[in-house]
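K.L.:
Please see the structure below; I have some questions.
The values are calculated or read from the model by the stated rules, or taken from the named source; none is laboratory data. Just so we're clear, the structure is a prediction, and the values are computed from it rather than from any experiment. Ideal geometry is used to build each Cβ from the backbone, glycine not excepted, and the neighbour counts take in all protein chains shown. Just the protein is used for accessible areas: all its heavy atoms, side chains included, with ligands, DNA and RNA removed. Shrake-Rupley method; radii C 1.70, N 1.55, O 1.52, S 1.80 Å.
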Amino acid sequence: DTFEIYAFSYGPNPDDEMRRRLRTSFDQFIDVSKLSDQDIAKQSEDLEIDIAIDLKGYTQDSRPGIFSYRVAPIQINYLGYPGTMGAEHINYIMADRTLIPEASKDFFSEKVIYLPNSYQTNDSKRQISDAQFTRALVGLPEGAFVFCCFNNSYKITPALFDVWMHILKTAPNSVLWLLRDNEWASANLQKEALARGINLERIIFAERVNSPEHLARQRLADLFLDTSPCNAHTTASDALWTGLPVLTLSGNSFASRVASSLLSALNLPELIAPSLKEYETLAIKFALQPKILQDIKEKLAANCLTAPLFDTQQLTKHIEQAYSQIHERQQTNLAPNHIYI
C-alpha cells in the first residue's frame with residue numbers, strides 16, 4: 001500500500017507464464033525495448049520515479065547506459081550483477097553481511113544496503129514438476145553416489161576440476177553429473193577427465209529441459225558441488241529448494257560468496273568450506289559417510305520451511321524498509337550512506 005511499482009522492460013517479450021505473472025504484478029508494466037537510453041530516462045523522469053533499480057548490471061543484453069542519464073534521484077544495483085558497478089551515478093548496492101563483509105564495503109563505489117539475511121530474492125511459489133524421474137531415465141547408475149553441478153561450464157576452472165577428479169578417485173562408487181552446455185564444452189571436459197585418469201562413464205551430462213522438470217530431476221543427485229570463484233546463484237537456490245545440499249567454497253569476492261549467503265540464510269554453515277582443501281575433504285566425507293549427509297538433507301528440508309531464505313514476504317518487508325530509509329535520506333538532503341536493516 002505504500003509503494004507504486006513500475007517495471008521498465010527492454011528485453012524479449014515471450015508469451016509465457018512468468019511474463020504473464022510479471023505483467024499483472026506491477027502498477028504499470030512498460031515495454032521500452034524500442035526506445036533509446038535517453039528516451040527511457042526521460043520517460044522515467046516524467047513519471048516521477050523516486051527509486052530506480054538496475055536488475056542487470058554488467059550482464060548479457062544489459063543497458064547500463066540508461067542509468068547514466070539519472071532515471072531517478074536514487075539508483076540501486078541489485079540482484080543481476082554480483083559486484084560493484086564502479087559508477088558514481090549508482091548510489092546503492094543491495095547485499096548482506098556474508099556477501100560484503102564490513103572490511104570489504106569500501107571497495108564498492110556504491111553504499112551498501114545490508115539486508116539481515118540473504119540478499120537473494122526467492123520465489124516461494126517456484127514450481128517443481130510432478131514428473132517421476134528415475135536414474136535410469138537420465139543415464140545415472142543405480143546405487144552410485146551422484147555428485148552434480150548444474151552451473152554453466154564456463155564457471156568450471158582447471159583447479160576446481162582437478163579437485164573434482166580427485167574426489168571421484170577417492171570415492172570410487174561415485175559419478176559426476178554436469179549440465180550439457182554445448183558439444184565443445186562436453187568434449188573438452190571428457191578429455192580432461194580422461195587425462196586425470198577418470199573413465200568417461202563416470203562423467204554424465206544432463207540435457208537442458210524446462211525449469212520445473214529440471215528442478216524435479218535434481219532430486220536424483222546426492223550433493224551439488226559449487227564452483228568458485230564464481231558461485232552458483234539462482235542455480236544454488238534452485239537446488240536447495242528441491243532439497244539437494246550444496247557444498248560451496250567461500251571466497252573473497254561478492255560472486256564467490258553468494259552460495260555462502262544462501263546457506264547462511266538456511267542455517268547450514270556445515271556446507272560452507274573456507275578452503276579448497278576443506279571443500280575436497282567435506283565432499284569425500286559426505287560420499288563415504290552417507291548418514292552424515294542424510295542428516296544434513298533432513299535439516300535442509302526442515303529449514304526450507306522455517307529459515308529466512310525462502311520467506312519471500314519477510315524479505316519484501318526488509319526491502320521496503322530499505323526503500324523507505326533511503327528515500328527519507330534523499331528527501332532531507334542527506335547523502336547516501338550505508339544502511340543496515
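K.L.:
Placing +1 on the Cβ of each Lys and Arg and -1 on the Cβ of each Asp and Glu in the chain, which of Ile40, Leu247, Tyr6 has its Cα farthest towards the positive end of the resulting dipole?
P.N.:
Value: Leu247.
K.L.:
I've got another one for you. Considering the dipole of the chain built from charges on the beta carbon (Lys and Arg +1, Asp and Glu -1) around the Cα centre, which of Gln321, Ile156, Ile113 is farthest to its positive end?
P.N.:
Ile156
K.L.:
Here's another thing I want to ask about it. First measure r as the distance between the Cβ atoms of Asn333 and Arg23, then evaluate 1/(1 + (r/R0)^6) with R0 = 30 Å and state the FRET efficiency to the nearest 0.05.
P.N.:
Computed FRET efficiency for Asn333 and Arg23: 0.25.
K.L.:
Using only the Cα atoms of the stretch 149-261, what semi-axes does the equivalent ellipsoid have when each is the square root of 5 times a gyration tensor eigenvalue? Give whole Å, largest first.
P.N.:
That gives 21, 17, 14 Å for the three semi-axes.
K.L.:
Just the number, please: carbon plus sulfur as a percent of the accessible area of the stretch 1-87, 1.4 Å probe, no ligands or DNA/RNA counted.
P.N.:
Looking at the stretch 1-87 in its full context, I get 47 percent from C and S.
K.L.:
A further question on this structure: On the full set of protein chains, 1.4 Å probe, figure out the accessible area of Ser104 and give it in Å² to the nearest 10.
P.N.:
Near enough 30 Å² of accessible area.
K.L.:
Still on this model: Where the accessible area of the stretch 113-165 is counted over protein heavy atoms with a 1.4 Å probe, how much of it, in %, is carbon and sulfur?
P.N.:
On the way: 1240 of 2350 Å².
Carbon-and-sulfur percentage of accessible area, whole number: 53.
K.L.:
In percent, what relative contact order does the stretch 231-341 have, based on Cα pairs under 8 Å that are 6 or more apart in sequence?
P.N.:
The value is 22 percent.
K.L.:
Please list, ordered by chain and number, the residues whose modelled amide H lies under 5 Å from the amide H of Ser9; skip anything fewer than 5 residues away on the same chain.
P.N.:
Long-range HN contacts for Ser9: Ile30, Asp31, Val32.
K.L.:
In what order, largest first, do Trp164, Trp241 sit by accessible area if the probe radius is 1.4 Å?
P.N.:
My answer, sorted largest first, is Trp241, Trp164.
K.L.:
Sequence-distant or interchain residues sharing an amide H contact under 5 Å with Ala52, placed H: which?
P.N.:
Under 5 Å from the amide H of Ala52: Ile74, Gln75, Ile76.
K.L.:
Stretch Asp130-Asp50 to full length: gain in nm at 0.36 nm per residue minus the Cα-Cα span?
P.N.:
On the way: separation 80, 0.36 × 80 = 28.80 nm, distance 4.26 nm.
Here the answer is 24.5 nm.
K.L.:
To the nearest 10 square angstrom, what accessible area does Tyr58 show with a 1.4 Å probe?
P.N.:
110
K.L.:
Based on the alpha-carbon gyration tensor of the stretch 211-341 and its eigenvalue square roots a ≥ b ≥ c, which shape applies: rounded if a/c is under 1.5, prolate if not and a/b is larger than b/c, or oblate?
P.N.:
Prolate shape, in that a/c is at least 1.5 and a/b is the bigger ratio.
K.L.:
Using log10 I(q)/I(0) by the Debye sum over Cα atoms at q = 0.06, 0.07, 0.10 Å⁻¹ as the read-out, say which of [x] -0.22, -0.29, -0.59; [y] -0.24, -0.33, -0.66; [z] -0.19, -0.25, -0.54 was calculated from these coordinates.
P.N.:
Correct label is [y].
K.L.:
Calculate, for the chain, the solvent-accessible area per residue in square angstrom, rolling a 1.4 angstrom probe over the heavy atoms of the protein chains.
P.N.:
Spelled out: the 1.4 Å probe surface of the chain, per residue, equals 49 Å².
K.L.:
Sticking with this one: What relative contact order, as a whole-number percentage, does the chain give when Cα pairs under 8 Å and 6 or more residues apart are counted?
P.N.:
Relative contact order comes out at 16 percent.
K.L.:
Name the residue farthest towards the positive end of the dipole of the stretch 191-341 from the options Val209, His233, Ser256, assuming +1 on Cβ of Lys and Arg, -1 on Cβ of Asp and Glu, about the Cα centre.
P.N.:
With unit charges placed on the Cβ atoms, the residue in question is Ser256.
K.L.:
Would any residue of the stretch 102-118 have its amide N under 17 Å from a label point 7 Å out along Cα→Cβ of Tyr340? List them or say none.
P.N.:
So the set is 102-106, 111-118.
K.L.:
Using a 1.4 Å probe and ignoring any ligands, DNA or RNA, find the accessible area of Ile30 and quote it in Å² to the nearest 10.
P.N.:
20
K.L.:
For Cα pairs less than 8 Å apart in space and 6+ apart in sequence, what is the mean separation divided by the residue count of the stretch 198-276, i.e. the relative contact order in percent?
P.N.:
So the answer I get is 25 percent.
K.L.:
How large is the helix-only mean residue ellipticity at 222 nm for the chain, computed as the sum of -39500 (n - 2.57) over DSSP H runs with n ≥ 4, divided by its residue count, in deg cm²/dmol to the nearest 500?
P.N.:
-10500 deg cm²/dmol
K.L.:
Further question: Assign unit charges at the C-beta atoms only (+1 for Lys and Arg, -1 for Asp and Glu), then state the dipole size of the chain relative to its Cα centre in Debye, rounded to the nearest 20.
P.N.:
In debye, rounded to 20, the chain gives about 1000.
K.L.:
Between Lys317 and Phe161, what FRET efficiency follows from the Cβ-Cβ distance if R0 is 35 Å, with the result rounded to 0.05?
P.N.:
FRET efficiency, Lys317 to Phe161: 0.25.
K.L.:
Here's a follow-up. Roughly speaking, to the nearest percent, how much of the stretch 216-310's 1.4 Å accessible area is carbon and sulfur?
P.N.:
57
K.L.:
Between the stretch 122-191 and the stretch 287-324, what is the C-alpha centre distance in whole Å?
P.N.:
Centre-to-centre distance over Cα atoms comes out at 23 Å.
K.L.:
Mind jotting down the distance between the C-alpha centroids of the stretch 264-279 and the stretch 62-107, whole Å?
P.N.:
Value for the Cα centre distance between the two parts: 26 Å.
K.L.:
Would you mind calculating the gained length between Lys105 and Glu142 on full extension (0.36 nm times residue separation, minus the Cα-Cα distance), in nm to one decimal? Walk me through the numbers before you get to the answer.
P.N.:
Details: separation 37, 0.36 × 37 = 13.32 nm, distance 4.74 nm.
Difference between extended and current length: 8.6 nm.
K.L.:
Treat every Asp and Glu Cβ in the stretch 204-341 as -1 and every Lys and Arg Cβ as +1, leave all other atoms uncharged, and give the resulting dipole magnitude about the Cα centre to the nearest 20 debye.
P.N.:
Working: 11 positive and 13 negative charges, 16 e Å.
Using Cβ point charges on Lys, Arg, Asp and Glu, the stretch 204-341 gives about 80 debye.
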